[in-house]
Amino acid sequence: METNPNMKTNYYTLTHFIYCFFFILFCIPNTHAQKLKELKESGTYKMRIEKTMSEAEAERLCIERAKINAIEKAFGQTIIQGNSTYIKNKTTGEQTESSNIFSNISESLVNGEWVQDLKKPVINKLLENNELWMQAEVYGIIRELKSVLTNFQALPLNCTNTTCRTQTFRDGDDFYLYFKAPEDGYISVYLDDPEQQKTFRLLPYKKSKLKTTNYPVKADVEYFFFSEAKAAKNEEVDETTLFLNNPKIPEMNKLFVLFNPKEEFGKPILNQASEPSGKIETPLELASEDFQRWLQLTRKGTEIQLMSLILNINPKKL
């Protein structure tokens, strides 16, 4: 029986291709994926042992700070300023605004988490200028924390129709929000005013009789929030109007829409606002930086989705 030489060549070519494919897939490390998942990293921290601090307490704190050092070296330093959170590259000093989830290690926000030790922490005690110091060195596996992608629609409006979609308003304009999700879940909406350095909770409504910390929504249902005309029967709505702090100076407010398809996700500590006018009812509020800390910590390890939008507010037309 004769063999077709072209068939033989094609067979070896195909075999070689398959071998190369699986070699690349399994044998060559994917450095990008590795960075997003887990890394081996070391960290150090040196501190003075205060007289009011026990040696065990100092050792625990020193180890935690060394872990923070390791995470910051790999994924950058977390900085909260006003209504924004930034990642600062420790090498270049460059800051980029981030919506990532952050971990809380020893009361410090970091853009990752410590997974496990690969070596037992090394502790050294030092005497410097008649003061007792401690230095910790750690080596272990760290993991970068990434944001959950949004899977819902949220449109800012100046009327109760999706054709009124806009992010530019004028002083005294009514504000509405269109929302639709692919599955049942819970939503909360916050608006940050950078001039006042305050964040206001718009949803759930202040008037709401619901005993939930978020507003429950149904899959594939269209919602037009802040409109009495579009509200459910017997639902009490907080109608929302956007005002400038100074009627002559434009402002940029920041809208935060949070959605969790799994379960309620709580809320930050809120305060009753001082009313700017007897005719205007202001939503519950908290400081912008306090909201950012709550936002990052409450999203850690959850499926909470976040959409943030800039709302431009201009003076009225003359």
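The values are calculated or read from the model by the stated rules, or taken from the named source; none is laboratory data. Model, not experiment: these values are computed from the prediction. Every residue, glycine as well, gets a Cβ built from its backbone with ideal geometry; the counts of neighbours run over all protein chains shown.
Per the listing L286, L309, L270, L202, the residue uniquely in contact with a helix residue (DSSP H, G or I) (Cβ under 9 Å, 6 or more places away or on another chain), of a type in the set (A, V, I, L, M) and outside the structural domain of T78 (by TED's automatic domain parsing) is L286.
Each row is one residue, and each column tells you yes or no for (1) of a type in the set (K, R); (2) not in a helix (DSSP H, G or I).
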position: N234; (1), (2): no, yes
position: L255; (1), (2): no, yes
position: K267; (1), (2): yes, yes
position: W294; (1), (2): no, no
position: G301; (1), (2): no, yes
position: L311; (1), (2): no, yes
position: L318; (1), (2): no, yes
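Can you tell me which residue is surrounded by the fewest Cβ atoms within 10 Å (Cβ to Cβ) among those in the stretch 295-309 that are farther than 25 Å from V237 by Cβ and not basic (K, R)?
Filtering the stretch 295-309 down to residues farther than 25 Å from V237 by Cβ leaves 296-303.
Checking which are not basic (K, R) leaves us with 296-298, 301-303.
Details: Q296: 23, L297: 15, T298: 17, G301: 11, T302: 13, E303: 14.
Residue satisfying both the conditions and the ranking: G301.
The conditions of being of a type in the set (S, T, Y) and not assigned by TED's automatic domain parsing to the domain that holds L202 are not met by Y178. Checked against the criterion of being at pLDDT 95 or above and over 30 Å from G76 (Cα atoms), the candidates F152, F225 yield just one match: F225. Of all residues in the stretch 208-218, one or more are more than 16 Å from E264 (Cβ to Cβ), more than 21 Å from the chain's Cα centre (by Cα) and either assigned by TED's automatic domain parsing to the domain that holds I249 or assigned to a strand (DSSP E or B) (or both). For the stretch 140-167, residues that are in contact (Cβ under 8 Å) with a residue 60 or more places away in the chain and in contact with a Pro (Cβ under 8 Å, 6 or more places away or on another chain) total 3.
Scanning the stretch 281-313 for residues that are touching a Ser or Thr at 6+ places or on another chain (Cβ under 7 Å) and not hydrophobic (A, V, I, L, M, F, W, C) yields a total of 8. Can you tell me which residue in the stretch 48-91 is farthest from the chain's Cα centre (by Cα), limited to those that are surrounded by 20 or more Cβ atoms within 10 Å (Cβ to Cβ) and hydroxyl-bearing (S, T, Y)? Filtering first and then ranking leaves T78. All conditions in (1) under 26 Å from R201 (Cα atoms); (2) among the hydrophobic types (A, V, I, L, M, F, W, C); (3) in contact with a Lys or Arg (Cβ under 8 Å, 6 or more places away or on another chain) hold for I87, with the sole exception of (3). Quick check on L127: is it part of a strand (DSSP E or B), at negative phi and either assigned by TED's automatic domain parsing to the domain that holds T199 or exposed (fewer than 13 other Cβ atoms within 10 Å of the Cβ) (or both)? Criteria met by L127. Inspection of the stretch 179-193 finds no residue satisfying the criterion of being of a type outside the set (K, R), within 14 Å of K254 (Cα to Cα), out of contact with any helix residue (DSSP H, G or I) (no Cβ under 6 Å at 6 or more places or on another chain) and assigned to a loop (DSSP other than H, G, I, E, B).
For the stretch 81-122, the set of residues classified as free of Cβ contacts under 8 Å to residues at least 60 places away in the same chain, more than 25 Å from Q196 (Cα to Cα) and among the hydrophobic types (A, V, I, L, M, F, W, C) consists of I105, V110, W114, V122, listed by residue number.
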